Amino acid sequence: MKKISGFIKYLLFSLCISSAGAFSSKDILSPVSGQWVNVQPLVLNTSDGSEVYYSLSGSDPLVSGFSYDGPVVIDETGDVKVRIAVISKSGIRSDFTVMYTVKPSAFSTADSDTALLIQNINSNPILKYSSSGEFYIPKDFELSLNNSSVFEKGHNLLINKTSVLEHYAACTLKKDNLSWHFVIKVAETPSAEKLVKRSVPFTLDNWTDFTYTGENLIYQIDDEYWTASRELTVLDRTKPHVIRWQSIAYEEGNPVSEYVLPAMPVFSAVSAEDGSLEFKCSDSSYRFALNSDNLYSSVTADTFEGNTLNRSEVFKVYCSNVYQGTVHFDFFVDRQNPAQPVFESTTQDGFARSEVKVKIRCDEEDAGIYYSVSEPVESASAFEETALAELAKTSTGDFRKYDGSVILLKSPSKNASYFKICAYSLDRSGNRSSVAEYDVIIDQYNYYLNSSPKNNSSVHDGSWSSPFRTFEEALAVINSQKSTRVHVTGNIEITKPLSVIERDCVFICRDARFVFAPQSALQVNGASVEVSNCIIERTDDSSRDGELPFITVEKGKLLLDNVEVVGIYIGDGILINSAESEICVSRSGLTVQSQSYACALSASDSTVSIQDSRITSSAPNCVNVTMHGGSAEILSDMFYLIGRVGHCLELAGTSAGISSNTFSLQLDSKKSKDSWLWQDIKAKIKVKAENTVLCLD
């Protein structure tokens, strides 16, 4: 053996992005444990050079089994047991066992593409794919790749269009409690450049080993002597060489052929933004060859998002269609998405009465977390079912790196506030998880009272999904808070003899009716109470001495808007009694009926406003409104008196504005238009617009 310009010892080129390593359970792409609708293929990754044997009978694969030389379909149903024996290059044996169940089940769908996919999987669990297109996965299926336990919404699969490496990807689909497991064969993408080997009178092996193979020829390397020697020559590939040859019958003017051999190039692997790897050569005259006659100026290795590709590949290398040697790459393409982030918060049911603290974690150490938080979406009347679908569309804005600190969510006002947090994990390979979402409604003031809710939960916390069932439940919360809003639906029965409201509250009603039991009463003590859009009623079945007014307001405030208050008494009856308070009645009706004395509103030292309302009192002795002291503004109302004697208004020491009202008197006593009003000498009456008085038979 001789050398040219020094001996260069050349070892097999190896670029380790990540070592392919010895055969492990991860190299068993299929089958895997589980229950499947379709028969399973046997697909193994043997790129490490191990010898693999398998058996389906439970016997030792080396004693009674098969040699694995490529994917096969295991055409068995029911419970299946596969034993696999692996002999590494160093002679070490490893054994693996996979047990699974195949239970064919009917699956029907109206979508033709989905039906075709399932049909193909059931027919042959090894499906082909080319990087020039997409692999169809229905959106309403759950999808997992690489035998991962993490599933995501179905989506079409694709890889970098320049990827040319053939490989297999394990795929799992789930739908309606059915599971399919199959393997996708990613085929080598043909190249436009085909290998047409050039006829030269020599061979190159392992890059440096030059051997003359010509007949009746002599050759020359660079400026060396012409020779016909067949002795192995080791070339220095750090520099280019020129190889010439001509007929052994040496004569001046003989045609001389030559081949220019460039210096050995530098090989590299470059990672792209999409996670794929491109194997490149520093000299554009070199080409890679895979397991076919296709030549590639570079080779791209890629796999589906959600999958990994752990391989050891040996590429043949040609220059000007002359074989040079091989290049060996151990590489790992990581396209497997990290797990979704997990939210940890002080409330997990999506509803809170106070501020919420949230932290985010990811169980994968090499993954960072990025998150975004929406601005609060506020609602003065809280959020109900019709609004929840729209809330889910709320945008959270730009993502930022999560630093591990607590995210504090707090309502900026007394309104109910909706917050949404989105987060994803990003690993070192640039793989991004699907976006995880957390949302919560923070509502410190809004409560719900519903006698017949859709949710029959045993827990009644007053939220929209678990409303209070009784007025007593709501009252306990009202009196424990500084201020509340209570949304009321249905017939609310109140049986307690006396219900006392001591804190500010607003009753927002929809198709609601408060039904008080006979002789029961409501008292507002030092609080502001607003009621709208409902009926409040009480019907007594007997008379009782010292009976309380239906509604009593002491040093508080009562506002009625579009409310009907009805009281029917056996004995004396007062509908509303006010002391040192403010009473506002708007667009409402007050109706009281008794067998002796009936008064709709009795007030002392109070401020009263009645507008666009109807006041009716029916009894032998009846009064619509009686006031001692205080002030009143009575505008555009209708008053009805039905009885023997009585007055619409009785004012003692009261300052009142009375305008544009209609007073209707249906009394047994002498009919007089003056009966609508009684006032003492201290009362001050202002009339800005004329009132109408009607005396009815």
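Summary of values
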item: From 121, 137, 126, residue being within 24 Å of residue 291 (Cα to Cα) and either exposed (fewer than 15 other Cβ atoms within 10 Å of the Cβ) or not basic (Lys, Arg) (or both); result: 126
item: Residue count, segment 430-463 (criterion: farther than 22 Å from residue 343 by Cβ and buried (at least 17 other Cβ atoms within 10 Å of the Cβ)); result: 10
item: Top-ranked residue in segment 400-429 [being within 11 Å of residue 368 (Cβ to Cβ) and in a loop (DSSP other than H, G, I, E, B); ranked as farthest from the chain's Cα centre (by Cα)]; result: 428
item: Out of 274, 293, sole residue that is in contact with a Leu (Cβ under 6 Å, 6 or more places away or on another chain), among the acidic types (Asp, Glu) and outside the structural domain of residue 424 (by the TED database); result: 293
item: Number of the exception - residue 227 against (1) polar (S, T, N, Q); (2) within 21 Å of residue 285 (Cβ to Cβ); (3) without any contact (Cβ under 8 Å) to a residue 24 or more places away in the chain; result: (2)
item: Subset of segment 675-696 [surrounded by 11 or more Cβ atoms within 10 Å (Cβ to Cβ), among the basic types (Lys, Arg) and assigned to a loop (DSSP other than H, G, I, E, B)]; result: 682
item: Cβ-Cβ under 7 Å pairs, at least 6 apart or on other chains, segment 369-383 side of a type in the set (Gly, Ala, Ser) and at pLDDT below 90, far side surrounded by 17 or more Cβ atoms within 10 Å (Cβ to Cβ) and in a loop (DSSP other than H, G, I, E, B); result: 379/415; 380/415; 382/443; 382/464
item: Tally of residues being part of a loop (DSSP other than H, G, I, E, B) and of a type outside the set (D, E, K, R) across segment 215-268; result: 21
item: Those residues of segment 237-270 which are surrounded by 13 or more Cβ atoms within 10 Å (Cβ to Cβ) and in contact with an Asp or Glu (Cβ under 8 Å, 6 or more places away or on another chain), in sequence order; result: 241, 243, 244, 245, 262, 263, 265, 269
item: Test: residue 506 is assigned to a strand (DSSP E or B), farther than 18 Å from residue 447 by Cβ and hydrophobic (A, V, I, L, M, F, W, C); result: no
item: Filtered residue count, segment 548-575, keeping only those that are surrounded by fewer than 21 Cβ atoms within 10 Å (Cβ to Cβ) and farther than 16 Å from residue 501 by Cα; result: 8
item: Among (1) touching a residue at least 24 places away in the same chain (Cβ under 8 Å); (2) under 35 Å from the mean Cα position of the chain (by Cα) - the single one residue 468 does not satisfy; result: (1)
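Here's the yes/no breakdown for (1) within 29 Å of residue 138 (Cβ to Cβ); (2) hydrophobic (A, V, I, L, M, F, W, C):
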| residue | (1), (2) |
| --- | --- |
| 174 | yes, no |
| 181 | yes, no |
| 205 | no, no |
| 221 | no, yes |
| 238 | no, no |
| 241 | no, no |
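Residue by residue, here is whether (1) on the phi > 0 side of the Ramachandran plot; (2) surrounded by fewer than 20 Cβ atoms within 10 Å (Cβ to Cβ) holds:
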position	(1), (2)
468	no, no
478	no, no
496	no, yes
503	no, yes
507	no, no
516	no, no
519	yes, yes
522	no, no
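The values are calculated or read from the model by the stated rules, or taken from the named source; none is laboratory data. Fair warning: this is a prediction, and the values are worked out from it, not measured in the lab. Cβ sites come from the backbone with ideal geometry, for glycine too, and all protein chains shown count toward neighbours.
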